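The values are calculated or read from the model by the stated rules, or taken from the named source; none is laboratory data. As the structure is a prediction and not an experimental result, all values here were calculated from the model. Note that we place each Cβ from the backbone using ideal geometry, even for glycine, and neighbour counts take in every protein chain shown.
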Amino acid sequence: MDRKILFYMLENRLYYKTFCVYFMTTGIIVTNTTLARDGLRSNQKSEAGGLSGSPLRVRSEAVLRQVVKGVEGRIPIVSVGGIMNPDDAKRRLEMGATLIQLYTGLVYEGPGLVKKILLDQ
Ligand SMILES: Cc1cc2nc3c(=O)[nH]c(=O)nc-3n(C[C@H](O)[C@H](O)[C@H](O)COP(=O)(O)O)c2cc1C
């Protein structure tokens, strides 16, 4: 069973290790989109729905840091959220992600982003 970490879990200080054991999770995906709009200056910031891409980068890394610490290497971690270029990808792997997932980065950069990331490793 895979579980995807929601930002509100970080904000509610969920204890990730307990979460993983309790749900017999075999892998964990951090993170999803967010409903938060803090620090956003776009005219579209009041649009409904989940926010993705660059504005997620810092928050997604903060959650990843906690999850890496919590699961102590016992299950794979997929990092997603604001990975827009090879540097972002490299940093997530260095932080302890097992895999990365691209979504908004692919929308903006196209499949060539995958090649750039692979060549950069
Ligand atoms: C249009 C759109 C649709 C999405 N649909 C799903 C979905 O069905 N299930 C899911 O778990 N995440 C979904 N996501 C979240 C993405 O998988 C990803 O976690 C999120 O966009 C953050 O990554 P990014 O900043 O690279 O886009 C969706 C995101 C977008 C933008």
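A few comments on the model shown:
- Of all residues making up the range 78-121, the number that are in a strand (DSSP E or B) and within 12 Å of the ligand (Cβ to nearest atom): 3
- Residue check for residue 69: modelled with pLDDT under 95, more than 25 Å from residue 111 (Cβ to Cβ), touching a Phe, Trp or Tyr at 6+ places or on another chain (Cβ under 9 Å) and charged (D, E, K, R): yes
- Scanning the range 55-66 for residues that are modelled with pLDDT of 90 or more and within 11 Å of the chain's Cα centre (by Cα) returns 56, 57, 58, 59, 60, 61, 62, 64, 65.
- Those residues of the range 47-77 which are within 11 Å of the ligand (Cβ to nearest atom), outside any helix (DSSP H, G or I) and buried (at least 16 other Cβ atoms within 10 Å of the Cβ), in sequence order: 51, 52, 53
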